[in-house]
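Undergrad: Here's a structure for you.
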Amino acid sequence: MTDSLNAGEIRDSEISNARKYVEDRFGELPRPAKSYLVLMSPRSGSTLLCAHLQHIGYGNPIEAFHFNRDRIRRNYGWKIDFSNPYEYMRKALDFQTVRHVFGMKFNWIEFEIFKDVARQLTDGSGIRLSDAEFVEVFFPGAVYLHLKRRNKIEQAISYHKGMQSGIWAIPKDQGEDYKRYLMPAHYDRKHIEGCLDNLLAYDLAWERYLNQNRLKHIVIWYEELSDRYTQVMKDVHQFLEIDHTEIPAPPLKKLADTQSQLWFERFVEETPWLKNKKIAEALEKGDFATAFIQRSMMIAFQKEQRRWHSMPANRFKRLRTYLFRMRRKLNLLPAKNTQS
């Protein structure tokens with residue numbers, strides 16, 4: 001776990017002006033005493049972390065800017081007009097604030113949706129804001145918890161299975177009867193590969209956002225959260241300055257099972273690029289930037305080569321080269337003397 005520098009490039013005057021513009025135009029917005037944002041990629045432990053924070057009453061972090069609005073309505077009973085940016089932002093603030101503490105979780109796609117709503121509210125102000133400044137306008141003084149998972153292949157498989165089953169978390173006291181009614185997940189190597197590529201991109205997007213803006217944050221690794229839950233939660237409490245010291249047992253079951261392990265072994269065996277030394281070492285060390293760059297270069301080269309070999313100009317290249325050279329030779333022959 002590591003802390004970064006406090007926010008250093010945030011322009012307070014621009015943020016104040018933008019907030020005043022929004023409130024003059026639409027109405028007042030709640031101002032929590034404390035704000036935190038959980039930055040995650042799918043299957044990185046955010047549900048476990050947020051369940052704990054909800055249990056102790058320290059904010060109510062949910063995915064308020066999930067792309068599936070029907071899911072938000074169904075899960076939280078929101079009866080709002082999502083096309084109204086003020087109504088949407090106000091509801092997100094009210095719903096996720098408990099005892100003056102606001103908490104929310106984002107994946108990168110949801111963060112883009114939040115920024116779109118924020119831009120609609122500030123449109124016409126003439127104030128240009130960075131991503132971090134948009135956050136400050138609506139969630140003052142926010143600190144960040146960045147969840148990451150070292151084993152990206154396991155994470156991709158878990159994501160792949162979750163997307164099929166719709167099961168993202170199981171309470172500790174939940175029985176096994178629910179499994180009888182689940183459609184079984186099916187292994188698809190290409191989709192797992194796509195999930196893996198996306199997860200690398202999401203982690204790097206968050207790292208870039210935090211580091212470029214020099215934002216106060218803590219990094220929480222899924223593996224440590226899973227293996228040393230109580231100690232990691234104590235570190236989270238310290239970072240968030242939570243006085244509550246009791247750490248209850250984890251409320252959720254692990255979803256990984258024998259099938260997950262078999263799929264892991266099969267995916268590694270069937271995916272040649274994972275045997276690339278630079279990629280393998282980078283994934284082992286949690287160096288996602290190097291892994292992503294190497295993977296992107298590999299994809300770019302393969303794409304270029306596929307097009308190169310299918311280009312019309314390269315069809316029958318040897319024959320075309322031979323004919324071209326013959327024409328050149330014929331054109332260089334001296335003209336035949338037609339005089340008698």
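The values are calculated or read from the model by the stated rules, or taken from the named source; none is laboratory data. Remember, predicted model here, so these are calculated numbers, not experimental data. Neighbour counts are summed over all protein chains in view; Cβ atoms, including those assigned to glycine, are modelled from backbone coordinates with ideal geometry.
Undergrad: Please go through segment 51-89 and give me each residue that is part of a helix (DSSP H, G or I) and either closer than 21 Å to residue 198 by Cβ or touching a helix residue (DSSP H, G or I) at 6+ places or on another chain (Cβ under 9 Å) (or both), ordered by number. Talk me through it step by step, then tell me what you get.
TA: Keep residues of segment 51-89 that are part of a helix (DSSP H, G or I), which gives 51-55, 69-76, 85-89.
Within segment 51-89, 52, 53, 71, 76, 85, 86, 88, 89 meet the criteria.
Undergrad: If you don't mind, there's one more thing I want to ask. Name the one entry in 121, 129 that is among the hydrophobic types (A, V, I, L, M, F, W, C) and modelled with pLDDT under 95.
TA: Just one listed residue meets the conditions, 129.
Undergrad: Pull up segment 216-240, narrow it to residues that are of a type outside the set (Phe, Trp, Tyr), under 19 Å from residue 33 (Cβ atoms) and touching a residue at least 60 places away in the same chain (Cβ under 8 Å), then point me to the one that is surrounded by the fewest Cβ atoms within 10 Å (Cβ to Cβ).
TA: 216
Undergrad: Go through (1) at pLDDT below 95; (2) under 24 Å from residue 201 (Cβ atoms); (3) of a type outside the set (Gly, Ala, Ser) and name the single condition residue 251 misses.
TA: Every condition holds for residue 251 apart from (2).
Undergrad: Oh, and also: Specify the residue that is modelled with the highest pLDDT; the eligible residues are those in segment 1-27 that are hydroxyl-bearing (Ser, Thr, Tyr) and in a helix (DSSP H, G or I).
TA: 21
Undergrad: Taking the stated definitions as given, is residue 292 surrounded by 12 or more Cβ atoms within 10 Å (Cβ to Cβ), in a helix (DSSP H, G or I) and in contact with an Asp or Glu (Cβ under 7 Å, 6 or more places away or on another chain)?
TA: Answer is no for this residue.
Undergrad: Right, something else. Given the conditions (1) buried (at least 16 other Cβ atoms within 10 Å of the Cβ); (2) within 16 Å of residue 40 (Cα to Cα); (3) at pLDDT below 90, report the number of the one that residue 169 does not fulfil.
TA: Every listed condition holds for residue 169 apart from (1).
Undergrad: Pairs only if they're at least six apart or on different chains, beta carbon under 7 angstrom, first in segment 60-78 and more than 14 Å from residue 107 (Cβ to Cβ), second surrounded by fewer than 19 Cβ atoms within 10 Å (Cβ to Cβ) and among the polar types (S, T, N, Q); list them, first residue then second.
TA: Qualifying pairs under 7 Å: 60/54.
Undergrad: Can I ask one more? Could you please let me know if residue 115 is charged (D, E, K, R) and at pLDDT 95 or above?
TA: Judged against the criteria, residue 115 is a match.
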